[in-house]
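Just below is one structure, and these are the notes that go with it.
The values are calculated or read from the model by the stated rules, or taken from the named source; none is laboratory data. None of these values were measured; they are calculated from a predicted model. Note: ideal-geometry Cβ built from the backbone for every residue, glycine included; neighbour counts use all protein chains shown. Ligands, DNA and RNA are stripped out before the accessible areas are found, and what is left, the full protein with its side chains, is counted by its heavy atoms. Shrake-Rupley method; radii C 1.70, N 1.55, O 1.52, S 1.80 Å.
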Amino acid sequence: MGKRLGKTADLFSDQGLCLMVLCAVFLLGGAAGCLFSGAAGQATVAELTQYLTDYLTAAQAGTAARCGFWSAAWRYVRLWLAVAIMGLTALGVAVIPGLFFARGFLLAFSTACFYRVFGGQGVWPAVVLFGLPALFWAPALFLSGWQSLSASLWLLRRWRGQERGSGPFSPVYWLRLAVLCGLMLLAGGVECSVAPGLLRAAAKLAMGT
């Protein structure tokens, strides 16, 4: 009984550690993204200003190119897929945190670019473009990452002879991944159907028109 309780405690401890690692590397990536945006030179900022101004002008006029559902959904699903696949190998112990760092970097960098060009009002289009889909993809990413990183850690320990058995790959494991994939699809749907209309109002706020 004591041995079984010990293994259960170790499992919960490992899962908690995995979640903390993912949160930490995501925040580190976000900090790096903000710093990278702030370090951009004047020439880069001028090009970025022109690009974002043209984009918001088109969005305000309703002439911005709209993405298709599947192309938008694929941008989110492919990250979920990469995390899920890495959870099936011990390599995920290193790769999954790297994916979270990159995602945090891109999210913060994109938001910081709007802020640098338009100031505080630039937060509004960033919230529409990145924040609304994040309501769906962020929980899915962290839950799938936590599960996959825990599984990858278990596989690493089994490879080192420290674990035996079938491990965490139960029917619930696969069902959870399927549900989280559905959330990624919802993020793509929000980006295509809800965000374009709200972006018009956000563009007016950002550009002061």
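Of the helices (runs of 4 or more DSSP H) lying entirely inside the range 90-209, those carrying at least 2 residues that are among the hydroxyl-bearing types (Ser, Thr, Tyr) are 92-118, 132-159, 171-193. Checking each residue in the range 3-23 for being touching a Leu at 6+ places or on another chain (Cβ under 7 Å) and modelled with pLDDT under 85 picks out only ASP14.
With respect to the conditions (1) open to solvent by 50 Å² or more (accessible area, probe 1.4 Å); (2) at pLDDT 95 or above, THR63 falls short on a single one, namely (2). Criterion applied to GLY161, GLY189, GLY167 was being surrounded by fewer than 20 Cβ atoms within 10 Å (Cβ to Cβ), more than 15 Å from the chain's Cα centre (by Cα) and closer than 16 Å to ARG75 by Cα, and the one residue passing it is GLY189. When LEU99, LEU129, LEU143, LEU79 are checked against the criterion of being surrounded by fewer than 20 Cβ atoms within 10 Å (Cβ to Cβ) and not β-branched (Val, Ile, Thr), LEU143 stands alone in meeting it.
Residues checked against (1) open to solvent by less than 40 Å² (accessible area, probe 1.4 Å); (2) acidic (Asp, Glu); (3) at pLDDT 85 or above:
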{"residue": "MET1", "(1), (2), (3)": "no, no, no"}
{"residue": "VAL25", "(1), (2), (3)": "yes, no, yes"}
{"residue": "GLY29", "(1), (2), (3)": "yes, no, yes"}
{"residue": "VAL45", "(1), (2), (3)": "yes, no, yes"}
{"residue": "ALA90", "(1), (2), (3)": "yes, no, yes"}
{"residue": "LEU106", "(1), (2), (3)": "no, no, yes"}
